[in-house]
Amino acid sequence: MISGSVACNWRDRPEVAFTRANDQFLHGFLQQSQDQARSGFERYGKSSPEWQIKFRLLEAKAALWRGLYEDALQTLQSLPISSSSQQLQIPARSLASVAYIRLYRINEAEQSLRQAEALCATSPDVSCGEVIQARGLLANAQSQFPAARHSYEQSLAFARAHGDRFLESTSLLNIGVLLLAQGRFDESIDQSQAAFAAAETIDARIVELVTKGNIGWAAYRLGDSERALQMFVEAEKTASELGDFSDQENQLTNIGYIQMDGRSFDLARQSFQKALSLAEKIDSKEGIYDALRGLSRLSIQTTDPTAAVAYAERALAVAHESGNKVDELYPTLVLGQAAALRGDEVLATRYFSSVEGDDNCPAFLKWEVQHSLARLNEASQRFEVADRSYRSALATFEEAREEVRHQDHQLSFLTNGWRIYDDYVHFLLERGKTNDALRWADFSRARTLADGLGLLQKRSSNEPPPLNASDIARRAKGVVLFYWLGEQQSYLWTISPKSVTVVPLAPSAEIDAAVQRYRRAIQGPQDILESRNRDGLALFQMLVGPAIGSLQGDPNVFVVPDGSLNNLNFETLLVPEPKLHYWIEDATIVSASSLRVLAASEVLGKVGARRLLLVGDSVSPNAKYPPLPRAAAQVERVASHFSANERKVLEGKDATPAAYISSNPGQFSHIHFVAHGTASRLSPLDSAIILSRSSSADDSFKLYARDIVQHPLKADLVTISACYGVGERAYSGEGLVGLSWAFLRSGAHHVIAALWEATDASTLRLMDSFYDGLDDGETPQAALRAAKLSLIRDSRFQNAFYWAPFQLYVGS
């Protein structure tokens, strides 16, 4: 009886109720935490003034994190804090200062913060770390970035010295936010991931939620919209469920930007308007500004200068109220763009010049305003000035790209500059500068691949290096078809050993739609040849027809694709005359990443002694990757083309990622994999070849693309006899990135990989015939073509689904 009474009283103690409410706060259940803190205040406040204050502080903190800044201030103002309870005054003043900062009431924030700092000077307390962090927030709000960074680093050191993991995570979080504002996006991701890790140790979902949104915004700024959208949608859903209005409106704004970039203007407007309503409801000045900025940009995209000016002027007023000079720049840019739409060149130039000349203008804004200046001058027929502006915009963009450290982010970053390159290529072609346009177009291609292979030397200027396209075609002994898919206009350069010509093509949207339909048809049940597939015929006429005069005889054709064309096997295109047939029957077709990469390739050469590394028929790691029915047979067939002293075979349990790496793959002329493959769309360097387990680690059976690039190769040929070896994600300017890209990046001269999953029977026969050709001294492209033609002549495998997935890619 006594024991039961003690237990009941223990559960009813204020510290238990406070811990429960605080745990709810950490786990992100902000409304529940706020309600429980209010209940604790009402229940225990009369008997204990100290607990009364603690519950009130927690209630205000939960309201603050929800974005209910006025509610937080009202709660703090009701605190009965006496002059003797200084330790409780410190967090109260600190929380109040943050609420004032969020409301852009800078003077009141400064006053409250100074009071907290004075208390910390006379009576140091663990809550003083929050005061240091609040000083950083105030400096950040005023664009005083060095001072903000100093304060955040001080609060981080304080947190670690006092073992405060929550303060540690929020300090790292705020450093990440600061780096976002400075345009240092990959560094921001590093800090945000560190914040996430610190938050995980105390299950602080509230910090994890904010961090996820920040990582998403950094990914968006690095050009990775797919990854960003996934994170924004997840974060918005979680914020909505938790009653976190502040983060919900922030994620809605972020989602709106991606919808706008994808030209889903109605959806973007709905997202921005919903975000604005939420921000106005909680009087979040930052949220109001962000939503207005998004709506102003959307109005420019939809050519509504009146609405653009209205939204931009409101955003400018909010930024001016906060004293944040950097935030004033973007609405000013929009005002310039609106003036340009109205034909007011003088006003537009004035706005643009004020933004470009501002010392605080971040790089991503500077290249946009320089791009706007270029288009303005082009429209005004000031072509020399426009040319200089285009080059300035590209120089600013390229300088920013050089600051990006991580390879994943380098791959996506070029997306940010795609529209500048697209407009400049079009500008040059309109001026009749065909070769200059090609030089700049090629400069934007395969940049990360070329950098990694050392094909782009450091130059004193951002001018692309000279390019002799006809000489490249002559040395490659073929004709090059170089494609550019533009938003308004696409182009095809036909490059022969004797001439370079260019013709306009349909806009990218029209080409993309046809390619997607044709890809689905090839993988469908009906034979595209028998059905005379209309897209197959139309794509041939659209993409190859303009070059047909240069493709006489049985030519070698090197395709440099762009955009959706990276997912198209040109060999499958349908030629209508004299009898309907596949284009592969007329030409030997190879895919190249860029003219620069093709120029560096040894198309006909071989490196060192003929030696094979064969990896496959691995032990299935789990049910997701069942044993391949004919893997053992393919391993045996491929091995039979090399003598015992010419081959090293890793099969069964020995076919592990660790064994591949330790075999010194750089010593082999030929490398062949027979295994499952995976393609990661959101993170292409996480694409992997599925082998046997190397250790007890969960993913030790995966040979990742990011690991492949770390081990240089000199192989004449790498063959990935696995599904989706090419990859699923095409980056602007880089092409498809996956396993084939990784082997090219590591130095392989040729790579054969699959665009989709083929049947075991056709793959076995294709590979056996292909190696027969290599044994006879044929080049990889000639041998692969002959092997495919042998399948086409067999009624069982003539459907393109069986022979077309495997493509040959030429490297350096």
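The values are calculated or read from the model by the stated rules, or taken from the named source; none is laboratory data. If you're wondering where the values come from, they're calculated on a predicted model, not measured in any experiment. Positions of Cβ are backbone-derived with ideal geometry, glycine not excepted, and every protein chain shown enters the neighbour counts. The area values use the complete protein model at the heavy-atom level, side chains included, leaving out ligands, DNA and RNA. Shrake-Rupley method; radii C 1.70, N 1.55, O 1.52, S 1.80 Å.
Residues of segment 321-347 being under 18 Å from residue 284 (Cα atoms) and of a type in the set (Gly, Ala, Ser), which ones?
322, 323
When you look at residue 169, is it under 30 Å from residue 319 (Cβ atoms) and surrounded by 18 or more Cβ atoms within 10 Å (Cβ to Cβ), yes or no?
So residue 169 fits the description; yes.
State yes or no: is residue 805 modelled with pLDDT of 85 or more, open to solvent by less than 10 Å² (accessible area, probe 1.4 Å) and either over 26 Å from residue 586 (Cβ atoms) or not polar (S, T, N, Q) (or both)?
Answer is yes for this residue.
Mind listing whichever residues of segment 28-44 are open to solvent by less than 50 Å² (accessible area, probe 1.4 Å) and either within 24 Å of residue 210 (Cα to Cα) or modelled with pLDDT of 90 or more (or both)?
Once the filter is applied, which keeps residues that are open to solvent by less than 50 Å² (accessible area, probe 1.4 Å) and either within 24 Å of residue 210 (Cα to Cα) or modelled with pLDDT of 90 or more (or both), segment 28-44 yields 28, 30, 33, 34, 37.
Could you check segment 426-436 and list, in sequence order, the residues that are in a helix (DSSP H, G or I) and either in contact with a His (Cβ under 8 Å, 6 or more places away or on another chain) or open to solvent by 10 Å² or more (accessible area, probe 1.4 Å) (or both)?
Correct list: 426, 429, 430, 434, 435, 436.
Could you list, in sequence order, the residues of segment 345-368 that are of a type outside the set (S, T, N, Q), in contact with a helix residue (DSSP H, G or I) (Cβ under 9 Å, 6 or more places away or on another chain) and either open to solvent by 50 Å² or more (accessible area, probe 1.4 Å) or farther than 24 Å from residue 418 by Cβ (or both)?
Listed by number, the residues that qualify are 345, 346, 347, 350, 351, 356, 358, 366.
Could you please find all residues in segment 259-269 being assigned to a helix (DSSP H, G or I), at pLDDT 90 or above and open to solvent by 20 Å² or more (accessible area, probe 1.4 Å)?
Result: 259, 265, 266, 267, 269.
Those residues that are under 44 Å from the mean Cα position of the chain (by Cα) and either among the aliphatic types (A, V, I, L, M) or open to solvent by less than 50 Å² (accessible area, probe 1.4 Å) (or both), I need them from segment 45-60; list them, please.
The answer is 55, 56, 57, 58, 59, 60.
Scanning for something touching a Leu at 6+ places or on another chain (Cβ under 9 Å) and closer than 26 Å to residue 798 by Cα, does segment 608-630 turn up at least one residue?
The answer is yes; a qualifying residue exists.
Only one of (1) under 22 Å from residue 420 (Cβ atoms); (2) open to solvent by 20 Å² or more (accessible area, probe 1.4 Å); (3) in a loop (DSSP other than H, G, I, E, B) fails for residue 283. Which number is that?
(1)
Kindly indicate whether residue 226 is at pLDDT below 90, among the acidic types (Asp, Glu) and under 21 Å from residue 297 (Cβ atoms).
For residue 226, the condition - at pLDDT below 90, among the acidic types (Asp, Glu) and under 21 Å from residue 297 (Cβ atoms) - is met.
Restricting attention to segment 101-115, report how many residues are assigned to a helix (DSSP H, G or I), open to solvent by 30 Å² or more (accessible area, probe 1.4 Å) and either charged (D, E, K, R) or touching a helix residue (DSSP H, G or I) at 6+ places or on another chain (Cβ under 6 Å) (or both).
Matching residues across segment 101-115 total 5.
Can you tell me which residue in segment 548-557 is nearest to residue 521 (Cα to Cα), limited to those that are crowded, with 18+ Cβ neighbours inside 10 Å and touching a Ser or Thr at 6+ places or on another chain (Cβ under 8 Å)?
Applying the filter and picking the extreme gives 557.
If I go through segment 369-405 residue by residue, how many of them are open to solvent by 40 Å² or more (accessible area, probe 1.4 Å) and part of a helix (DSSP H, G or I)?
11
Within segment 286-323, how many residues are assigned to a helix (DSSP H, G or I), open to solvent by 50 Å² or more (accessible area, probe 1.4 Å) and of a type in the set (D, E, K, R)?
The number of residues fulfilling the criteria is 4.
Which of (1) under 21 Å from residue 75 (Cα atoms); (2) crowded, with 22+ Cβ neighbours inside 10 Å; (3) not charged (D, E, K, R) is the odd one out, the single condition residue 151 does not satisfy?
For residue 151, the failing item is (1).
Quick one: which residue in 123, 48, 84, 78 is closer than 17 Å to residue 22 by Cβ and modelled with pLDDT under 90?
48
Any chance you could count how many residues in segment 180-234 are in a loop (DSSP other than H, G, I, E, B), in contact with a Phe, Trp or Tyr (Cβ under 9 Å, 6 or more places away or on another chain) and under 16 Å from residue 26 (Cβ atoms)?
Of the residues in segment 180-234, 2 are in a loop (DSSP other than H, G, I, E, B), in contact with a Phe, Trp or Tyr (Cβ under 9 Å, 6 or more places away or on another chain) and under 16 Å from residue 26 (Cβ atoms).
In this structure, is residue 133 part of a helix (DSSP H, G or I), polar (S, T, N, Q), open to solvent by 20 Å² or more (accessible area, probe 1.4 Å) and over 17 Å from residue 22 (Cβ atoms)?
So residue 133 does not fit the description; no.
Kindly establish whether residue 495 is of a type in the set (Val, Ile, Thr) and exposed (fewer than 14 other Cβ atoms within 10 Å of the Cβ).
The answer is no for residue 495.
Checking the condition touching a residue at least 12 places away in the same chain (Cβ under 8 Å), among the acidic types (Asp, Glu) and in contact with a Gly (Cβ under 7 Å, 6 or more places away or on another chain), which residue from 358, 327, 422 passes?
422
Residue by residue through segment 500-545, note down the ones that are open to solvent by 50 Å² or more (accessible area, probe 1.4 Å) and outside any helix (DSSP H, G or I).
Matches in segment 500-545: 501, 504, 523, 525, 526, 530, 532.
Residues being open to solvent by 20 Å² or more (accessible area, probe 1.4 Å), part of a loop (DSSP other than H, G, I, E, B) and at pLDDT 80 or above: count how many of those fall in segment 663-694.
Qualifying residue count for the region: 3.
Which of the residues belonging to segment 626-662 are in a loop (DSSP other than H, G, I, E, B), under 15 Å from residue 771 (Cβ atoms) and open to solvent by less than 20 Å² (accessible area, probe 1.4 Å)?
642
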